[in-house]
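Have a look at the structure below, then the notes.
The values are calculated or read from the model by the stated rules, or taken from the named source; none is laboratory data. Computed from a predicted model, the values in this text were never measured in an experiment. Counting neighbours? That spans all protein chains shown, and the Cβs are built from the backbone with ideal geometry, glycine included.
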Amino acid sequence: MGTKAAPRRPPRRPESSLAERWTTVDGIALFYRESPQPPDAPAMMHLHGFGLSGRYLLPTAERLADQFHTLVPDLPGFGRSGRAANALDVPDLAHAAARFLDDRGIEKATLVGNSMGCPVILEFAHHYPERIERAVLVSPAGGVYNQPLGRAVGQLTRDGGREPPRMMKVAVPDYLRFGVPSTFKMFRALTQYPSLERLLELHVPTLVVIGERDPLMPGATRVQEVAAATDNHVLLVKIEGAAHAINFSHSGELAHLIRLFMADRPIVDDPASPGHASLTEIHRGTHLPPHQGTSQRPGS
């Protein structure tokens with residue numbers, strides 16, 4: 001009498017149009033997404049936020065994959081990637097990002113980060129300034145405004161009510177997988193990280209994007225003051241109606257904005273997205289092309 005074959009499970013549906021792949025970096029299994037057929041184009045790596053994986057970055061990354069060699073890794077300790085023997089801090093994650101690019105044979109890239117991904121980009125630029133083409137910092141987090149932990153938790157709770165409901169289906173499994181001990185260790189590392197000092201060191205064209213409704217960010221006036229204190233390679237743009245996870249909730253506006261920034265074009269709303277959140281340029285550094293963008297629509 002023959003043995004009964006185990007029922008076959010249907011193959012897992014891919015999360016996006018990007019190819020899902022694995023590699024090994026520093027002995028750690030690292031999961032990432034990549035342009036299915038990497039074009040002969042500039043590389044662009046998207047870096048996720050605190051406790052999350054790269055899943056919520058996919059809406060924006062997919063929109064840019066036709067123009068850039070797009071990579072979306074789960075950094076070590078996050079998402080589907082393996083964990084290091086010791087908890088990683090911001091410098092460790094920046095070095096891991098650099099070694100991931102080494103593994104993919106990429107010498108230089110534009111880095112797009114959200115939340116915690118922004119300090120990781122700043123640290124990457126500090127150690128590898130010759131390897132970063134441009135920086136896109138979306139909803140930078142981890143500074144004094146997010147301390148202490150209780151305040152940050154309250155900010156995250158308020159933000160949860162301002163994000164699209166479908167964001168919870170992405171975020172909750174990631175947070176549960178990340179775990180409470182890792183949360184405390186990573187939060188401590190973020191609060192000790194010298195974000196402002198590193199931002200002042202940046203000498204590559206840098207786009208900073210903030211959401212009008214983001215409870216984790218100080219007001220636009222304070223952000224503008226910080227941007228103006230740099231050596232002025234910074235372009236600061238506000239997206240009306242957006243909260244913290246802009247890469248997920250406002251992917252059309254953000255991808256359009258990144259394309260304009262990469263091409264040194266004026267910041268204007270996307271005419272293909274009428275009725276969506278508008279873009280407002282509120283600071284342009286003196287070392288950037290002197291374009292004067294506007295967020296006004298005809299008849300507004």
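At-a-glance table
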{"read-out": "Flag for LEU260 being more than 15 Å from the chain's Cα centre (by Cα) and at pLDDT 90 or above", "value": "yes"}
{"read-out": "Candidates ARG99, ARG63, ARG80 - the one that is farther than 30 Å from PRO165 by Cα and in contact (Cβ under 8 Å) with a residue 24 or more places away in the chain", "value": "ARG99"}
{"read-out": "Matching strands (runs of 3 or more DSSP E) fully within the range 1-113 where at least 2 residues are buried (at least 19 other Cβ atoms within 10 Å of the Cβ) and at pLDDT 95 or above", "value": "28-34, 43-47, 69-73"}
{"read-out": "Filter pass, ARG134 being touching a strand residue (DSSP E or B) at 6+ places or on another chain (Cβ under 6 Å), at pLDDT 90 or above and farther than 26 Å from GLU253 by Cβ", "value": "no"}
{"read-out": "Within the range 44-94, considering residues that are over 19 Å from PHE124 (Cα atoms) and among the aromatic types (Phe, Trp, Tyr), the one nearest to the chain's Cα centre (by Cα)", "value": "TYR56"}
{"read-out": "Extreme residue, nearest to ILE246 (Cα to Cα), among residues of the range 172-210 that are in a helix (DSSP H, G or I), under 19 Å from the mean Cα position of the chain (by Cα) and among the aliphatic types (A, V, I, L, M)", "value": "VAL172"}
{"read-out": "Test for ARG162: is it of a type outside the set (Val, Ile, Thr), more than 26 Å from ARG83 (Cβ to Cβ), surrounded by fewer than 19 Cβ atoms within 10 Å (Cβ to Cβ) and modelled with pLDDT of 85 or more", "value": "no"}
